[in-house]
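Notes follow the structure.
Please treat every number below as a calculation from the coordinates, not as lab data. Just so it is clear, the structure is predicted and the values come from calculations on it, not from any experiment. FYI the Cβ positions are ideal-geometry reconstructions off the backbone, even for glycines, and counts take in every protein chain you see.
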Amino acid sequence: MNHSLIVLPLFLASNSMAQRVFEKGAEVVYEDANKNQTNLGRGFSPVLMSQGKVALIRGRLFGYGEYFDCSKRATKNWVSVYDSVTGTEKTLFDRALPFQRDGLMFCIFDQMQMSPDGAVLYLVSPVYATSGSLAIIHLAHTTVTYVPGVDRIYVIESGPHRGELIYQRRIDEPHGVHYPFVHARANGQQIRVLAEEVLADENPQAPVLGAYLNKIGARISVNGRPFPR
């Protein structure tokens, strides 16, 4: 049975729920409403879904220029969904993508997100020396669009802009190269370019982005915690 494209009726969990999922070293940890923790093993960039489901990238994290081989499990990435209720896991996406690089196919990903209805998968791959690239994958009909230059991506989880995107993107300007955060529509189209800041997984400090999200009534998750708090 081919599990490379399985569309599941998953929904992003509200930040008001006590569950969370986060990275701990090279592994992913799921924490339920009673603070019981389950180590999901090697993986990264987890996304908390409804009913205790967790989407995550399996495999190790590859950097730009590192050797990978799409024919071998140990030298590539794929996206899985773990069900904490049943203790089972299914492969959601396991394909190589060209990321608009002629003659090249990439099966390594360094970040993922999901749309609130679970129909769209967002994958970032380290395809350039100076930046990554974003693939927007509509799982039901397997169509893919690309937004080059994207390094990090988040899906807005609450408020009137729920389902829209915040991503950090390389922008070339006459006075230099910048990597600002961008507010974008769900299809990747830019709405507003914000400031160039660092949003660390631990103790995130990005005051301009935080103020902007507060202004539009939006929240994102950064390593299992709401931002801005």
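Odds and ends about this structure:
- Long-range HN-HN contacts of residue 186 with modeled amide H, under 5 Å: 165
- For the pair segment 113-145 and segment 58-75, the centres of their Cα atoms are 18 angstrom apart.
- Only the Cβ atoms of Lys and Arg (+1) and of Asp and Glu (-1) were treated as charged; on that basis the dipole of segment 56-104 about its Cα centre amounts to roughly 80 debye.
- Shape of segment 98-171, Cα gyration tensor, a/c cut at 1.5: oblate
- Cβ-based charge dipole, the chain, positive-most Cα from 124, 221, 209: 221
- Per-residue ellipticity at 222 nm computed for the chain from its helices equals -1500 deg cm²/dmol, with DSSP H segments shorter than 4 residues left out and the rest contributing -39,500 (n - 2.57).
- Cα-based reach from residue 76 at 28 Å (exclusive), listing lysines while leaving out same-chain residues under 8 positions away: 24, 53, 90
- Computing Cα Rg over 2.2 N^0.38 Å for the structure here picks out one of (i) 0.97; (ii) 1.10; (iii) 1.06, namely (i).
- Average Cα contact separation per residue, the chain, under 8 Å, 6 or more apart, as relative contact order %: 14
- For segment 78-159, a crude dipole built from +1 on the beta carbon of Lys and Arg and -1 on the beta carbon of Asp and Glu, taken about the Cα centre, is about 180 debye to the nearest 20.
- Around the Cα centre of segment 20-227, unit charges on the Cβ atoms of Lys, Arg, Asp and Glu (plus for the first two, minus for the last two) sum to a dipole of about 300 debye.
- Label positions at residue 196 and residue 177, each projected 7 Å from the Cα along the C-beta direction, are separated by 1.0 nm.
- Working note: Karplus 6.51/-1.76/1.60 with θ = phi - 60° gives segment 155-160 the couplings 9, 5, 9, 8, x, x Hz, where Gly and Pro are set to x.
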